[in-house]
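Take a look at the structure below.
No lab work stands behind these numbers, since they all come straight from the coordinates. Being a predicted model, the structure only gives us computed values, none of them experimental. Cβ atoms come from the backbone with ideal geometry, glycine included; neighbour counts cover every protein chain shown.
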Amino acid sequence: MNWDQIQGNWKRVTGKAQEQWGKLTNDDLDVIAGRREQLVGKIQERYGVAKDNAEQQLAEWERKASDAWFK
């Protein structure tokens, strides 16, 4: 799955994002609005991790994305 698909279907995948990163609030997800860099920043902020770590977490989450997420 590529980020364009995730971004284009952001409202549908916010639940999956909250499953992965439970500390993200609905307000956080609304502000992120599918922007990858915003999500990386919020992961860093909420979990106190370095940017590299947040990028790794996000890349792993992206790899898990499947068509079922968008239905």
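Here is how the numbers come out for the structure above:
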item: Top-ranked residue in the stretch 16-27 [being out of contact with any Phe, Trp or Tyr (no Cβ under 9 Å at 6 or more places or on another chain) and not in a loop (DSSP other than H, G, I, E, B); ranked as surrounded by the most Cβ atoms within 10 Å (Cβ to Cβ)]; result: Q18
item: Tally of residues being touching a residue at least 40 places away in the same chain (Cβ under 8 Å) and more than 11 Å from the chain's Cα centre (by Cα) across the stretch 3-26; result: 3
item: Tally, over the stretch 33-69, of residues that are aromatic (F, W, Y) and either more than 12 Å from W3 (Cα to Cα) or surrounded by fewer than 12 Cβ atoms within 10 Å (Cβ to Cβ) (or both); result: 2
item: V31 being without any contact (Cβ under 8 Å) to a residue 40 or more places away in the chain, outside any helix (DSSP H, G or I) and over 9 Å from the mean Cα position of the chain (by Cα); result: no
item: Complete set of residues in the stretch 1-15 that are surrounded by fewer than 14 Cβ atoms within 10 Å (Cβ to Cβ) and part of a helix (DSSP H, G or I); result: D4, G8, K11, R12, G15
